[in-house]
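Colleague: Below are the structure tokens for one structure; questions will follow.
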Amino acid sequence: MKKYILPTLLSLMLCVSGQAQKLNKKQADKLVQALLHSLSHSDTTAFQQFWLVDQSPWPYHSRSYTSKDVTGGFYHLRTFLDTAIQNKLQPLRPEITKLSARQEEHQFGEYHIQVWFNYSKVYQKGFGLFLVYHEGEWKCRFDPETSWQYLGPREG
């Protein structure tokens, strides 16, 4: 009996650790709220803790992503979202997308999340982040993306 328990436990552990971690809405919400808190309090140190900075090549660049790049992304995102931060706008629920095999191959990460703020009935601003599961937590990879949307009626 004992000789079957150990192999069974080892097999079970391998199956559990071999499964990819899935990002759920609660985890994404928590990450977004923490990032927004660091932006609203101008806390670059807290902001940097959410990023994975390693020696992986930065896709479409000829170098690795560094902590200096994270700081640059912080200031860019803080400037882009200044109205949302100043007016304490609440973000919409993050949109979570599983990345394609090609995107994962280029080491963007495992997931992409987009977060939008309603500035008016017809105008939104938002940002996107690539996420990877690293050492038991979700980390951002590379620069945050920024975008805006006009939701008003189309002319013509």
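The values are calculated or read from the model by the stated rules, or taken from the named source; none is laboratory data. Because the structure is predicted, anything quoted here is derived from the model rather than measured. A quick note on method: Cβ atoms are made from the backbone with ideal geometry, for glycine too, and the neighbour counts reach across all protein chains shown.
Colleague: How many residues does the range 61-88 contain that are free of Cβ contacts under 8 Å to residues at least 24 places away in the same chain, within 17 Å of S40 (Cβ to Cβ) and in a helix (DSSP H, G or I)?
Modeller: The number of residues fulfilling the criteria is 4.
Colleague: Sticking with this one: Quick one: Q149 ticks every box in (1) at pLDDT 90 or above; (2) more than 25 Å from S67 (Cβ to Cβ); (3) part of a strand (DSSP E or B) except a single one, so which number is it?
Modeller: Failing condition for Q149: (1).
Colleague: Return the total of residues in the range 107-128 being in a strand (DSSP E or B) and in contact (Cβ under 8 Å) with a residue 60 or more places away in the chain.
Modeller: Selection size over the range 107-128: 3.
Colleague: Looking at E105, is it farther than 19 Å from S147 by Cα, among the charged types (D, E, K, R), at pLDDT below 90 and more than 12 Å from the chain's Cα centre (by Cα)?
Modeller: Considered against the rule, which asks whether it is farther than 19 Å from S147 by Cα, among the charged types (D, E, K, R), at pLDDT below 90 and more than 12 Å from the chain's Cα centre (by Cα), E105 comes out as yes.
Colleague: Looking only at the range 34-55, filter to residues that are of a type outside the set (V, I, T) and loosely packed, with under 12 Cβ neighbours inside 10 Å; which one of those is farthest from D143 (Cα to Cα)?
Modeller: H41
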